[in-house]
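Participant: One structure follows; several queries about it will come next.
The values are calculated or read from the model by the stated rules, or taken from the named source; none is laboratory data. Predicted model, so just to flag it, every value in this text is computed and none were measured. Please note: Cβ atoms are built from the backbone with ideal geometry, for glycine as well, and neighbour counts cover all protein chains shown.
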Amino acid sequence: MDYTRELDELILNVARESASDLHITVGRHPTLRVSGQLIPLVDKPVLTPEMTEGLVFAMLTKEQRDEFVKQKELDFSYPFKDKLRFRVNAFYQRGFIGAALRLINVKIKTIEDLNLPLDLIEFARREQGFFLVVGPAGHGKSTTLASLVDMINHERSEHIVTVEDPVEYLFIQDRSIVDQREVRIDTHDFHGALRSMFREDVNVAMIGEMRDPETISAAVTAAETGHLVFSSLHTNSASQTIDRVIDSFPAAQQSQIRSQLASTLLGVFSQRLLPRVSGGLIPAYELMIANAAVRNLIRENKVHEVDLVIDTSYGEGMMSLNRSLLDLLRKGEITMETAMSYSLNPGEFKVLSRE
């Protein structure tokens with residue numbers, strides 16, 4: 001089998017079906033994810049171990065192949081004929097090779113295009129601070145971050161550095177200088193790249209993901225020292241995000257990071273992509289803005305009260321996930337079943353929906 005040609009055909013299926021992902025795994029047909037649902041390509045054969053290995057190796061350079069075989073997993077980007085771009089995770093399961101390919105739009109969409117709240121634009125216009133986009137994997141965090149960074153690129157003359165694993169969206173430099181660094185290719189790790197950033201005359205930093213205390217510490221310090229820093233975490237809410245950041249440090253350091261976070265945090269945006277009644281996906285979100293009340297709660301170790309501040313600060317632009325879900329439900333964008341399944345507090349949502 002010509003695996004390069006077969007891979008090309010599978011990728012063309014992704015484009016034709018407007019899929020977000022392609023799954024390659026032994027014992028199954030190649031499978032697309034379309035509007036959140038897995039759709040097997042039944043006209044393609046069930047994949048054997050030889051076929052999955054051939055398809056995955058067709059995407060890798062020799063150096064990547066050697067690293068993958070050694071590490072048993074690999075994140076990388078894969079361009080397709082300069083028209084499409086994928087973020088790929090290759091892995092072993094039960095001794096067989098598999099991969100998940102996530103389509104990355106070549107064109108970076110605006111906040112308006114993404115149906116996200118215009119309040120987010122204000123965070124991109126700040127000169128200094130720390131802003132986090134959070135949520136489950138596959139719910140658009142990287143896309144939102146790219147939109148904010150690209151807005152700065154078009155509006156201001158800044159030096160922007162991104163540190164990613166792998167590089168996803170490719171920015172076309174406009175008013176800003178945009179340097180994109182990929183872990184393992186351009187730098188050894190996230191916190192090393194962040195330490196280096198202090199000597200690179202950087203204004204804005206975008207960290208693809210905060211994975212360890214060293215990276216978090218460097219990011220917060222960068223925000224303290226006059227930089228605008230964007231990053232993401234796999235957390236479900238603003239309060240959980242703050243707790244995760246603080247709890248990632250040893251007890252002896254938590255008081256310091258709590259104080260730093262209270263002074264640098266601009267906000268936390270938590271998002272989900274929900275199946276839309278009319279087809280496709282639509283975002284629901286929670287937005288926490290770090291006002292004086294939120295900063296005091298972080299400083300005083302009362303993060304569990306942040307949810308109440310969000311609920312009672314609608315007039316300041318904050319939004320709870322339940323209120324966002326309710327807005328979508330009342331507009332006919334989603335069903336009650338969808339709203340209930342995505343709510344983090346279904347009991348409260350039921351009460352809200354009856355008001």
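Participant: In the same structural domain as LEU287 (by TED's automatic domain parsing), crowded, with 16+ Cβ neighbours inside 10 Å, over 20 Å from the mean Cα position of the chain (by Cα) and aliphatic (A, V, I, L, M): which single residue out of ALA262, ALA219, ALA238 fits that description?
Facilitator: ALA262
Participant: Filter the stretch 124-138 down to residues that are crowded, with 21+ Cβ neighbours inside 10 Å and out of contact with any His (no Cβ under 8 Å at 6 or more places or on another chain) and give me whichever is farthest from SER232 (Cα to Cα).
Facilitator: Only one residue tops the list, namely PHE130.
Participant: Which of the residues spanning the stretch 184-216 are more than 20 Å from GLY135 (Cα to Cα), within 20 Å of the chain's Cα centre (by Cα) and basic (Lys, Arg)?
Facilitator: Answer for the stretch 184-216, where residues must be more than 20 Å from GLY135 (Cα to Cα), within 20 Å of the chain's Cα centre (by Cα) and basic (Lys, Arg): just ARG184.
Participant: Within the stretch 1-73, considering only helices (runs of 4 or more DSSP H) that don't extend past its boundaries, which have at least 2 residues that are exposed (fewer than 14 other Cβ atoms within 10 Å of the Cβ)?
Facilitator: 3-16, 62-71
Participant: Quick one: TYR92 ticks every box in (1) surrounded by fewer than 16 Cβ atoms within 10 Å (Cβ to Cβ); (2) in a strand (DSSP E or B); (3) touching a residue at least 60 places away in the same chain (Cβ under 8 Å) bar one, so which box is it?
Facilitator: The number of the failed condition is (3).
Participant: Considering the stretch 316-355 alone, what residues qualify as being not in a helix (DSSP H, G or I) and not polar (S, T, N, Q)?
Facilitator: The answer is GLY317, MET318, MET319, LYS331, GLY332, GLU333, ILE334, LEU344, GLU355.
Participant: Whether any residue in the stretch 281-297 is closer than 27 Å to VAL229 by Cβ, assigned to a helix (DSSP H, G or I) and under 24 Å from the mean Cα position of the chain (by Cα) is what I want to check.
Facilitator: There is at least one residue in the stretch 281-297 that is closer than 27 Å to VAL229 by Cβ, assigned to a helix (DSSP H, G or I) and under 24 Å from the mean Cα position of the chain (by Cα).
Participant: Another question, if that's okay. Being of a type in the set (A, V, I, L, M), part of a loop (DSSP other than H, G, I, E, B) and touching a residue at least 40 places away in the same chain (Cβ under 8 Å) is the filter here, so list the residues in the stretch 95-125 that pass it.
Facilitator: Of everything in the stretch 95-125, those that are of a type in the set (A, V, I, L, M), part of a loop (DSSP other than H, G, I, E, B) and touching a residue at least 40 places away in the same chain (Cβ under 8 Å) turn out to be VAL106, ILE108, ILE111, LEU114, LEU116.
Participant: Just one of SER157, SER142 is within 25 Å of LEU273 (Cβ to Cβ) and outside any strand (DSSP E or B); which is it?
Facilitator: SER142
Participant: Taking the stretch 38-56, which residues are without any contact (Cβ under 8 Å) to a residue 24 or more places away in the chain, under 18 Å from ALA100 (Cβ atoms) and among the hydrophobic types (A, V, I, L, M, F, W, C)?
Facilitator: Selection gives LEU38, ILE39, VAL46, LEU47.
Participant: Let me ask something else about it. Could you grab the pairs with beta carbons closer than 6 Å, sequence gap of 6+ or different chains, first residue in the stretch 148-161 and closer than 11 Å to MET206 by Cα, second one part of a helix (DSSP H, G or I)?
Facilitator: From the stretch 148-161, the pairs are LEU148/ALA124; VAL161/MET197.
Each row is one residue, and each column tells you yes or no for (1) within 29 Å of LEU325 (Cβ to Cβ); (2) in contact (Cβ under 8 Å) with a residue 40 or more places away in the chain; (3) in contact with a Leu (Cβ under 8 Å, 6 or more places away or on another chain).
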residue	(1), (2), (3)
SER196	no, no, no
ASP201	no, yes, no
LEU233	yes, yes, yes
SER239	yes, yes, no
THR264	no, yes, no
PHE269	yes, yes, yes
ARG272	yes, yes, yes
GLU286	yes, yes, yes
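Participant: Right, next: Please go through the stretch 203-231 and pick out each residue that is in contact (Cβ under 8 Å) with a residue 40 or more places away in the chain and β-branched (Val, Ile, Thr).
Facilitator: Within the stretch 203-231, VAL204, ILE207, ILE216, VAL220, VAL229 qualify.
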